[in-house]
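Nothing in this text is a laboratory measurement; each read-out follows from the coordinates by a stated rule. Values in this document were obtained by computation on a predicted structure and should not be read as measured data. Please note: Cβ atoms are built from the backbone with ideal geometry, for glycine as well, and neighbour counts cover all protein chains shown.
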Amino acid sequence: MTIDAPATGEPTTGAQATGGPEPGVPVVAVAGDGGDRGGQSAAGWPSVDVAERKARASQSFWTLVVGVPAIFSVLRLSVEAGGELQTTLLLVANVNPVNLAAALVTTAARLVSAGLVAVFAIGAVLLVSAEHNRTHRIGRHPPIFARWRAITPPWVVVAAFAVALATWPILYLPLLLPAFAAAFQLSPARLDERRIPRLLLLAALLVGYAVLMLPTLGDAWQQREAFAVLVIAAPPLLAMLVTGPVPVLVARPLAMAAQLAVLAMLCWAALPVITTPVLPLTVTTIRAAEDGTGPPAPDVPAPGSEDGGVERIRGHVITVDDVSMVILQERGGVRYVPTDRVEAQVLCPTEEELPRYRLRVHGFHVEDSLLEGMGRRVRPVNRIAAECRTV
């Protein structure tokens, strides 16, 4: 299908044909408006190239969304098994896929949402830059982040920000302000004729942010937590400066640097996700055998502590049956403990769960997510058991 050019002789763009794009939402040309295989699209790009690039971008995007969690699940089991094949097979045989998926969603949701938020924010800036420089190379061949942002429905972008809002630590939630402004290209410069109401709305948002975060900012300043001060104070200012377009000479280097930076960030953030245990950490107390022999064999090291014929084993319970309890020890190795010799078991936090900051935002600890903070109000954290400290 072709669109006749207006009488002025200027080529009709997709925005003119449809009445113009929605304000603040960048668009790219849709393949098929350019006619035959050698024609041009309505945006001035070759229609075949646009269609092929759009198809490849869609396939690569959903391949990452579906494939990365599956790879992470396998890597987590292998890392938790200490790289031992037989232990990995034991975990695969006994860890329920539903439990594995739940553990992966719980720990990896913030990683996935962080990647999506970064892609959408950077992609929107690059997309606007490509739209404003159609004759330049970046306009003819937009970066992959720009193509991903173009093919993503707005509700997916909003959903990614919603997941981030619920799962990110509260300390990092201010970073969503500049990311949201970039993803939807919101800036004071785009104010239309309703300037006064929108300026009042912007002022109200800034005042609300100040009321919410100023007490925590003051505490961070007094405690000399420079990183926390920067993360709380800088995002509102960045939100007014991150929108596009960027100069054409900067756009292409920015695209390459941003894509490498996001990849490096995801790799760095993926390390704790891969190493986070799938099974809960426990300390199991067992009594000595009735014949007087200790639980471990002579040639097997005992990482637990022994006290008066009682041994405490720190590790992750893989499975329990009528005969034995299988424990993956924290320091390596698998122990098979007779079930009738188990006296007690307590749940322990890992070192990563211990708090670092002494900062709170209206009662919520800054290292908790909103979901975790609401959960702690329903079920306050119990004191750490003595067995967790002594083993």
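Residue farthest toward the positive end of the dipole of the stretch 132-257, with Cβ of Lys/Arg at +1 and Asp/Glu at -1: which of Ala179, Met213, Thr152?
Value: Thr152.
Nearest 20 debye, what's the magnitude of the dipole of the stretch 334-382 about its Cα centre given +1 on Lys and Arg Cβ and -1 on Asp and Glu Cβ?
Roughly 200 debye, rounded to the nearest 20.
Near Gly363, within a Cβ-to-Cβ distance under 10 Å, what is the net charge of the other residues, with Lys and Arg +1 and Asp and Glu -1?
Once all neighbours under 10 Å are counted, the net charge is +3.
Given just the C-alpha atoms of the stretch 214-272, how large is their convex hull per residue in cubic angstrom?
Dividing the Cα hull volume of the stretch 214-272 by its residues yields 115 Å³.
Would you please put 84-93, 105-114 in order of how densely packed they are, using the mean number of other Cβ atoms within 10 angstrom per residue and starting with the highest?
Put in order of decreasing packing, that is 105-114, 84-93.
Suppose R0 equals 51 Å; then what is the FRET efficiency for Ala162 and Ser324 from their Cβ-Cβ distance, rounded to the nearest 0.05?
0.70
Given the convex hull over the Cα atoms of the stretch 336-390, what projected area results after averaging over all orientations, in nm²?
So the mean shadow area of the Cα hull is 5.8 nm².
Which distance in nm do the two modelled labels at Leu271 and Gln59 give, with both placed 7 Å along the Cα-to-Cβ direction?
3.4
Less than 14 Å Cβ to Cβ from Leu347, Lys/Arg counted +1 and Asp/Glu -1: what total charge do the surrounding residues give?
Computed value for this residue: +2.
Run the dipole for the stretch 136-268 about the Cα centre, Lys and Arg Cβ at +1, Asp and Glu Cβ at -1, nothing else charged, and hand back the magnitude in debye, nearest 20. Walk me through the numbers on the way to the answer.
On the way: 10 positive and 4 negative charges, 120 e Å.
For this selection, approximately 580 debye.
May I ask for the net charge around Gly123, where only other residues with Cβ less than 11 Å from the Cβ of Gly123 are counted and Lys, Arg are +1 while Asp, Glu are -1?
Working: positive: Arg147, Arg149; negative: none.
Around Gly123, the charge tally is +2.
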